[in-house]
Amino acid sequence: MSENAGYSYEYGDGTKNNPYIINNLDDLLGIKYGRSDNYKINNNIDIDIDWSTIGPISFGEGDDGEQLGFSGTLDGNDYEISGLNVNGLFDYLDHNATLKNLVFKDVNTQNPVIALESGENITIENCQIYGYVKDASGFLEWPVRYYSDYKVDYPLFTIKNCKFEGTIENGNGFFESIGYNVLIEGCEFNGTIINGSGISKNVFGTNLIIRDCEISGIFKDTSAGLIVSCNGSNVLVENCHVDIDAEAGASFGGMILWCFSSPVMIKNCSFTGIVDSSKKTTSSPPIGGICGQMYGITQIIDCEVNADFLGGKSSSTRIGGIFGGAYSESIIENCKFNGTIESGNKYTNAGGICGQNYGMLKILNCDVKADFYILGGYCGGIAGTLSEMTRSDSKYVQIVENCTYEGIITDYPSEIETINVKHFSGLVSYLRASRVSNCISKATITTTNGDVNGMFSYFGNSTVENSAFIGELKTEKKYEELLPNKAYDHYSPSGIAGYVTATSDKNNVDGETSINKIKNCFVWANIESDNIVSIVASSISEYSDVFDGKENGYTEVDKVYFKGNLIGDNISALSNYYYKGVKKDRYNNIDLFYLCDNGDIANDYGENKTANELKNIETFSGWDFENTWKFGEDGFPTLRWIVDSGAGDNQNESNENKEQSCFIFIM
C-alpha cells in the first residue's frame, strides 16, 4: 500500500511505470491528493450518489493565485464509469495532463463531462461518453483558453479517437470554444444536438486542425455541422464527414457557418442530409453545404454535398450547395453538389456551388446535379450572384472554369400566386467582372413570371467562352399587367444571356473587364415564350467611351452556334432590344448564317444557308476546328471539348425527341 499525501492506494506508486490502481469510487476521488501522479482504472465504477456533493475533482489555487488542475495521467483501461451527474470529472486540466481509454456510461450532467478548461500540452485519446448533457458541451468548455506561446508548430491540445453518443441540449458535441494550437483527430459524434453544433460553437485561437472526424444524427435549432463561428487563423478541416438531418436556424453551414478566419482550408470533406430552415426568419441568412458565409481567404477542395435545402422566408436568402455567401478571396475546386434547393423567399440568391459572392473567387472543376424551386430572385445552376466589390476593379474577380450543371430550375410551389420577379439561368444568374470558360449547363428552366436564360440573366463586363447550354427554356408573361414599368418586356428567354451590359471606365483601359466577350459558345435548346425569343441576349446595353485611344464599354460576339426550336412572338439571333447608347452598326460586321423552318431571323443581319452548306467546313472561315470546334454526329459543328469529354451525353430528352427546326451560326 502506498500514499499520495492524503490517500492510500493498495497497488502502485503513482509513477508512469507503476501507476496507482483505481478499483472503486474512493480510489477515483483520491486523485485530488495527487494531481500530477499517474493512475490506471482496473474496475467498473458506479457513481450512485449526487456527484455534485463530491465532484468535480479540483485542486484549488497555487501560491500565485492561479488555478491548479490535474496534470498527471489517467488511464481508464476501457473500464466504465457510470452515473456521472451534474458536474464533470475534473474542474481543470493543467499543463501536461493525459486522459486515455476512459468510458463514461449513463452520463447526466449540466457541465462538460471531462473538465471546464485546460492548460497546454493536453492529450485526450480513446475516450467515450454515452448519455445526456444539458447547458454544456460534451468534453470541455474551452481547451487552451490561455497560452504562453501560440507560435509553436506542435499541438498544445490533442484529442484523438474520442466519441460522444447521446443527446446534448444547449451545447456542442465536444467544446464550447477552441483556443490555440488544437488538434482534433478521428473523433465521432452520434446522436441528437439541440441548439448546438457537432464540434464547437467558436474558434478564437490559431492553428486548428480537425481531421478524420464523423458527425451523425439529428440536429435541432442548429447552425452548423462542425463549427458555428471560426474567428482564428490557419484552420484546416480535412477528411471530415457530416451526416445529419437538421432543423436549422435561418443560417447554416454543413462544416462551418461563419468563416472569419484566414487562411482556411477544407478538403476531402462531405455533408449529407436534410437542412430545413423554412420555419425561421432573420435578415440575409447564409446557407451552405460546406460553409455558410466566408469573410477570409478560404479554400474548399475535393468536397461533396448530398443534401436537400429548404430555405426560409426571411428578407434575403443566400443558399449554395457548397457555400451560401462570401466577401473574400476564395477557391472552390473539384467539388460536387447533388440534391435540391428550395426557397420560399422572394429575394433569393441560389446556386449549386455559391449563392452570392462579392470578392475574389475561383470555381474550378465543379459538378452540380440539382433541382431548384425558387419563389423569387437570382438562381443559377452554378451560382446565383457573382460580382466585384467595386466597379473600379480592372481584373476579373471571379473565374468559373470546367464546371457542369444538370437539373431543373423552376418556380417554388406556392399556394398563393405571386408576382415576384425571377431570374433563372443555367450557369450564373447575375455575373459581373467575371470569366466563364469550358462550362456546360444541361437543364430545363421554366417560370411563369420572370426571365429564363441558358447561361446568364445579367451579364456585365465579363467574358464567356467555350461554354454551352443544352436543354429547354420556357417562360410566360403571365403577370405583365401587374408589373411596373413594363418589366415584362425583358421576360424573353435567351440561349446565352438576358440583360447584357458593358460599362466603360478610364481606370479599366488596360484591364480585362471593360468589354463583354461572348466567344465560341454552343446552344442546343428548345426555347419557347409568348414574348420575344433570342439566341445571344434578350437586350444589349452599352456605355462605351474612348480613353487613351482605346474604346471600351461594349460587347463582342464571336462564333456562337445554336440549334433547336424557337417559338415566340418574335425571334432574334443577337438581340431583340438595344438600349439607347448602343452603337448598333458595330453588329453589322457580324456574319450570321441561319437555316430556320419556323420564320425569319428578326433585327439581325444574316444570310440563309442550306443544311449542306452549314455542314461544310469551308463555310466557317476563321473557326478553329483543330482545337475548339469539330463536326458532331449530326454533321453540324459543336464544341470539341464537349464531344471529347462526353459532357454533352444524355442531353435533355425534349431535344432528342424533336426534329431541330433552326440552326444559327454567329460568326
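Sorting the segments 371-378, 295-302 by their residues' average number of neighbouring beta-carbon atoms within 10 angstrom, most packed first, yields 371-378, 295-302. Summary of the geometry: segment 84-134 and segment 323-352, compared by the centres of their Cα atoms, lie 38 Å apart. For the set Lys422/Lys609; Lys346/Lys442; Lys313/Lys474, the pairs lying more than 28 angstrom apart at their alpha carbons are Lys422/Lys609. Taking all protein chains together and a 1.4 Å probe, the residues Thr167, Thr158, Thr109 rank Thr167, Thr158, Thr109 from largest to smallest accessible area. Let me know the shape class of segment 336-389, please: from the alpha-carbon gyration tensor, a ≥ b ≥ c as square roots of the eigenvalues, rounded when a/c is under 1.5, otherwise prolate if a/b is greater than b/c, or oblate. Oblate, since a/c reaches 1.5 and b/c is not below a/b. Inter-part distance, segment 428-459 to segment 169-220, computed on C-alpha centroids, equals 38 Å. Note on Asp644 and Phe631: their simple-model spin labels are 1.9 nm apart, each label 7 Å out from Cα toward Cβ. With a/c under 1.5 counting as rounded, go ahead and sort segment 33-93 into rounded, prolate or oblate using the C-alpha gyration tensor (a ≥ b ≥ c being the square roots of the eigenvalues; past the cut-off, prolate if a/b is larger than b/c, else oblate). Since a/c reaches 1.5 but b/c is at least a/b, the shape of segment 33-93 is classed as oblate. Here the peptides 12-25, 52-65 are ranked by packing, the mean other Cβ count within 10 Å, and the order with the highest first is 12-25, 52-65. Pairs of Cα atoms nearer than 8 Å and 6+ residues apart set the relative contact order; for segment 233-281 it is 57 percent. Take segment 202-308 with all the other protein chains still there, run a 1.4 Å probe, and you get 31 Å² of accessible area per residue.
Please label the shape of segment 65-173 as rounded, prolate or oblate, based on the square roots a ≥ b ≥ c of the eigenvalues of the alpha-carbon gyration tensor (a/c under 1.5 means rounded; beyond that, a/b larger than b/c means prolate, else oblate). Here segment 65-173 falls in the prolate category.
Structure note, pairs Lys134/Lys163; Lys100/Lys163; Lys40/Lys201; Lys559/Lys615; Lys362/Lys630: Cα-Cα distances above 23 angstrom occur for Lys40/Lys201; Lys362/Lys630.
Based on protein heavy atoms only, segment 1-62 ends up with 54 Å² per residue of surface accessible to a 1.4 Å probe.
Extension gain, Lys279-Lys615: 0.36 nm per intervening residue step, less the Cα-Cα distance, totals 115.4 nm.
The values are calculated or read from the model by the stated rules, or taken from the named source; none is laboratory data. Since this is a predicted model, take the numbers as computed values, not measurements. In this analysis, Cβ positions are derived from the backbone assuming ideal geometry, glycine residues included, and neighbour counts consider all displayed protein chains. Keep in mind that these areas ignore ligands, DNA and RNA; they rest on the heavy atoms of the full protein, side chains included. Shrake-Rupley method; radii C 1.70, N 1.55, O 1.52, S 1.80 Å.
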